[in-house]
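Presented below is the structure to which this report refers.
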Amino acid sequence: MEQKQTLAIEEWHEKVKSCAWLPERPQETALKNRYGDAKEFMLTFTPRLQRDVAEHVERAYTGEAPSLGRIKNCYGRDVVIALLCSYLENLNDFTGVKQKIELDQQKEVATIFLTEYYYLKITEVLLFFYRLKTARYGHFFGVVDGMFITGAIYPFLEERRAALLQYEKEKRDREIREERERRSTESVTYQEYLEQKKQLKKLGMKSYSFQELALEYFPDRTAAAAAKQLNSWINNIPDLEDKLIAAGRYKNQKIMTPLQVSIITHELGEPDKWVKERERIARENALQEKSKKENK
């Protein structure tokens, strides 16, 4: 029986050595450039990789390994089934029970994995089979049971969900720390602030809320529309946003410092002059439009 089953597995692997018969798909090139053809891909993600994956759990969850669905799209369904069958056959060899899971059952379990859990990365599947071997989800009693395997995926998925949430939280915390560090290196000292404040006072500058400043430039708009328009102008002027950040500006800042106000007015011009210039341009456009209509 064991010899017959081993031959069947080998025949199954032979069937998927080449995927030249498959139609091309958009993401195939990148995946094949990285891993090669179907045979090379299967040799990369053999059951021997399970221990390495278990030693780098975060990478297994968040790395760039392809999902079962993407592997299917690139190499075809048979490659995924054969790869999962090799993991099940490896589990057969590992367990000490007499009754092993036969090839037809392996294919059925593999099909269930591909259908229900196509979003799992291949490294996550390897991690799941490694944890099965550790008896993390229970023991096999006398038989390598397909339903036990498909049932064990549920606690694994819960572990996966909790781990991904934790990694996302750690990523956000890391980004917040980096933002604070960046601000601390780019912000001015208290002495420099006092000096700037003294200079700005001489120039008659003051602090504004961002919406107040925006309304100075766009008095015909609502506060929200004016703020959106001013942000658009800031983003379109080269280096202006960088200068404001260097002056201490941060995301969703409500009150602009005198220094930040001075940077904006220096680049855009004083608000009253800005408004008059916009009115002049609007009048000229209106006259041009009127002239065009009269000429018609």
Exercise. Across region 116-163, what is the total count of residues that are among the small types (Gly, Ala, Ser) and either not in a loop (DSSP other than H, G, I, E, B) or not assigned by TED's automatic domain parsing to the domain that holds Val79 (or both)?
Worked result: 5
For this session: Quick one: Asn252 ticks every box in (1) polar (S, T, N, Q); (2) at pLDDT below 80; (3) at negative phi except a single one, so which number is it?
Result: (3)
Problem set entry | Residue pairs meeting the criteria (Cβ under 9 Å; at least 6 apart or on separate chains; first over 23 Å from Arg177 (Cα atoms) and in the same structural domain as Leu215 (by TED's automatic domain parsing), in region 247-259; second part of a loop (DSSP other than H, G, I, E, B) and among the β-branched types (Val, Ile, Thr)) | Leu259/Val188
For this session: Would you check which residues across region 180-233 are at pLDDT below 85 and of a type in the set (Val, Ile, Thr) and list them?
Result: Thr185, Val188, Thr189
Exercise. Out of all the residues in region 215-231, is one or more surrounded by 14 or more Cβ atoms within 10 Å (Cβ to Cβ), free of Cβ contacts under 8 Å to residues at least 12 places away in the same chain and in contact with a helix residue (DSSP H, G or I) (Cβ under 6 Å, 6 or more places away or on another chain)?
Worked result: yes
Seminar exercise, completed: Counting only residues that are in a loop (DSSP other than H, G, I, E, B) and within 18 Å of Leu88 (Cβ to Cβ), region 36-71 contains a total of 2
Seminar exercise, completed: Filtering region 226-266 down to residues that are assigned to a helix (DSSP H, G or I) and touching a strand residue (DSSP E or B) at 6+ places or on another chain (Cβ under 8 Å) yields Val261, Ile264
Problem set entry | Sole residue being acidic (Asp, Glu) and exposed (fewer than 13 other Cβ atoms within 10 Å of the Cβ), chosen from Glu170, Glu159 | Glu170
Problem set entry | Hits in region 103-145 - residues which are under 28 Å from Cys74 (Cβ atoms) and either touching a strand residue (DSSP E or B) at 6+ places or on another chain (Cβ under 7 Å) or of a type in the set (Ser, Thr, Tyr) (or both) | Thr111, Thr115, Tyr117, Tyr118, Tyr119, Leu120, Lys121, Thr123, Tyr130
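The values are calculated or read from the model by the stated rules, or taken from the named source; none is laboratory data. Everything numeric in this text was worked out from a predicted model, so none of it was measured. Glycine also receives a Cβ, built like all others from the backbone with ideal geometry; neighbour counts cover every protein chain displayed.
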